[in-house]
There are 2 protein chains.
Amino acid sequence: MNSSASTKERILTAAEALFAQRGFEGASLRQLTAAAGVNLAAVNYHFGSKDHLVEQVFKRRLDQLNARRLGALKHIAGLQETTLEDVLSAFIRPALDLSHDGGGGLFMRVLARAFAEHDDSLRKFLSENYGHVMRQFTVEFARLLPGLSKEELYWRIDLVTGALTHAMSGFGIIQRKSDVSETSHREQTAEHLIRFAAAGLRAP
Amino acid sequence: MNSSASTKERILTAAEALFAQRGFEGASLRQLTAAAGVNLAAVNYHFGSKDHLVEQVFKRRLDQLNARRLGALKHIAGLQETTLEDVLSAFIRPALDLSHDGGGGLFMRVLARAFAEHDDSLRKFLSENYGHVMRQFTVEFARLLPGLSKEELYWRIDLVTGALTHAMSGFGIIQRKSDVSETSHREQTAEHLIRFAAAGLRAP
DNA sequence: CGTATCCTCAAACGATCGTTTGAACCATTC
DNA sequence: GAATGGTTCAAACGATCGTTTGAGGATACG
């Protein structure tokens, strides 16, 4: 069972990296299993199919991400006064941390690919694992932006999501300079994102 | 030559739709040529390879988009006073129009896929066909936002790009309601985008 | 009419894809 | 020590991929 769990984890990690690099269709099981150092048949044995493997790659990280986001949201809900920046921080920083923690560095890029794939079953899976988190954050945003109509609010949250996904998946031209530590670069990224998003959400 | 151009156009149009729907790797030449009603070998005859076809799909629309964006930018440069909203409009509206005009409705989705693919040759191609337009808009943004450092400005333009790409490629949850005409929906989209982006760019 | 040029077509090429198979291995249990 | 259930392995399966080939059709020019 231990060696099995290790094989599964090795597959998941190699899959995450290869999916980020080559896409879900572009990464073959042969490249993937070779990178993981396991037998080709191990994917179908442990995951049933390549599609199920894709889902599990998402599940492993989304569970982390959702838990951290909700934890951060709960934490600031206990404060006396919450600002828009606090809620944005609870939304953004867990994702940034995941981008740099424990090997999850490539996951946001995989997530961005999933946005680009309009595959319905994958979108349904994401919405089921993601929907309730977004709904809770939407409630908080609505509370802090009472002047916005529901439609306006949805629009702006959608645009914030686009900006964050873009930035967090490393599409952008902004790269960390060699004389800046990773920690401080992450902090700068978070500040830029929060400042921009807060201003956009507060737009007159 | 006429029937040849027609074959090429049919391939380009079918490719654009299939690339948007299934991705560059996911769309096969057999599906593609069947949808276009042409022979399988026609792609390699007219375009040399699938990769070159991908480039030409981009080139056909990017040439339109770049021309319209630069035209709009030139137009407002002639005005006495230019606002941030004017420049954003010159940047956003041509893309929105392209999303609804002359069969280019799926192109922005293809473009978003290209952002997700980190394929270097494709990125290089895009940067060569896209770079000078972005540079011109950056100059205008810098002029209208004199308080921002270069780094801040790049960051914010990058975030604006992310928000626009996300919105224009139809990722978002916002869909046109049946009681709203396409024209007015496009206008509303443009207004939301411009308002949000302008506020984000002006963030303190 | 003959030739040249461009284009289309069916067929096949080798490569690679996701998946399945059945034997071998290895720890645990009786 | 024989049997069991979970796991790994090399090998093969049929399907599909992008690309190439060579024959044939179509049109224009001499």
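The values are calculated or read from the model by the stated rules, or taken from the named source; none is laboratory data. Computed from a predicted structure; not experimentally measured. Positions of Cβ are generated from backbone atoms using ideal geometry, with glycine treated the same way; all protein chains shown enter the neighbour counts. Areas reflect the complete protein model, heavy atoms only, side chains present, ligands, DNA and RNA absent. Shrake-Rupley method; radii C 1.70, N 1.55, O 1.52, S 1.80 Å.
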Exercise for review: Place a +1 charge on the Cβ of each Lys and Arg in the protein assembly as shown and a -1 charge on the Cβ of each Asp and Glu, then give the dipole magnitude about the Cα centre in debye, rounded to the nearest 20.
Suggested key: 480
Exercise for review: With +1 on each Lys and Arg Cβ and -1 on each Asp and Glu Cβ, and nothing else charged, work out how big the dipole of chain B is about its Cα centre, in Debye to the nearest 20.
Suggested key: 260
Review point. How many partner chain Cβ atoms sit within 10 Å of a residue's Cβ in peptide B:190-197, on average, as a whole number?
Key: 5
Practice item. Would you mind computing, in nm to one decimal, how far apart the modelled labels at B:Asn129 and A:His185 are, each placed 7 Å from Cα along Cα→Cβ? Key: 3.0
Revision key, fill the gap. Ordering A:Lys8, B:Lys124, A:Lys50, A:Lys74 by the accessible surface of their heavy atoms, 1.4 Å probe, largest first, yields A:Lys74, B:Lys124, A:Lys8, A:Lys50
**Study point:** Lys/Arg +1, Asp/Glu -1 at C-beta; chain B dipole; positive extreme among B:Ala36, B:Ser149, B:Leu164
**Key:** B:Ala36
Practice item. Calculate the spin-label point distance for B:Arg202 paired with A:Asn44, positioning each point 7 Å from the Cα along the beta-carbon direction, and give it in nanometres. Key: 6.0
Check your understanding: Can you list, shortest first in nanometers, how far A:His185 lies from the same residue in the other copies, with each label 7 Å from Cα toward Cβ?
Key -> 4.1
Exercise for review: Only counting protein heavy atoms at a 1.4 Å probe, give the residues of region A:22-62, ordered by number, whose accessible area falls by 20 Å² or more when the other protein chains are present relative to the chain alone.
Suggested key: A:Glu25, A:Gly26
Exercise for review: Could you order A:Arg30, A:Arg123, B:Arg60 by accessible surface area, starting with the largest, using a probe radius of 1.4 Å?
Suggested key: A:Arg30, A:Arg123, B:Arg60
Point to revise | Partner chain coverage, peptide B:147-156 - average Cβ within 10 angstrom | key: 3
Exercise for review: Convert each backbone phi in region B:138-150 into a coupling constant with the Karplus relation 6.51 cos²θ - 1.76 cosθ + 1.60 (shift: θ = phi - 60°), then list the ³J(HN,Hα) values in order as whole Hz, x for Gly and Pro.
Suggested key: 4, 4, 5, 4, 4, 5, 8, 10, x, x, 8, 5, 4
Point to revise | Total accessible area lost when A and B pair, probe 1.4 Å, Å² to nearest 100 | key: 3900
Check your understanding: Any idea what the relative contact order of region A:51-201 is, in percent, if you count C-alpha pairs under 8 Å spaced at least 6 apart?
Key -> 33
Point to revise | Carbon + sulfur, % of accessible area of region B:1-48 - ligands and nucleic acids excluded, 1.4 Å | key: 50
**Study point:** Heavy-atom accessible area per residue - region B:51-201, 1.4 Å, Å²
**Key:** 45
Practice item. Starting from a label point 7 Å past Cα on the Cβ side, list the distances from A:Arg10 to the same position in the other copies, nm, shortest first. Key: 5.1
Check your understanding: Listed here are the pairs A:Lys124/B:Lys50; A:Lys8/A:Lys50; A:Lys50/A:Lys74; A:Lys59/B:Lys50; B:Lys59/B:Lys124; which of them are more than 24 Å apart at the Cα?
Key -> A:Lys124/B:Lys50; A:Lys50/A:Lys74; A:Lys59/B:Lys50
**Study point:** Simple label model, 7 Å out from Cα along Cβ direction - B:Lys59 to A:Leu79, nm
**Key:** 5.3
Point to revise | Pseudo-label separations to other copies for A:Gly147 - Cα-to-Cβ vector, 7 Å, nm | key: 1.7
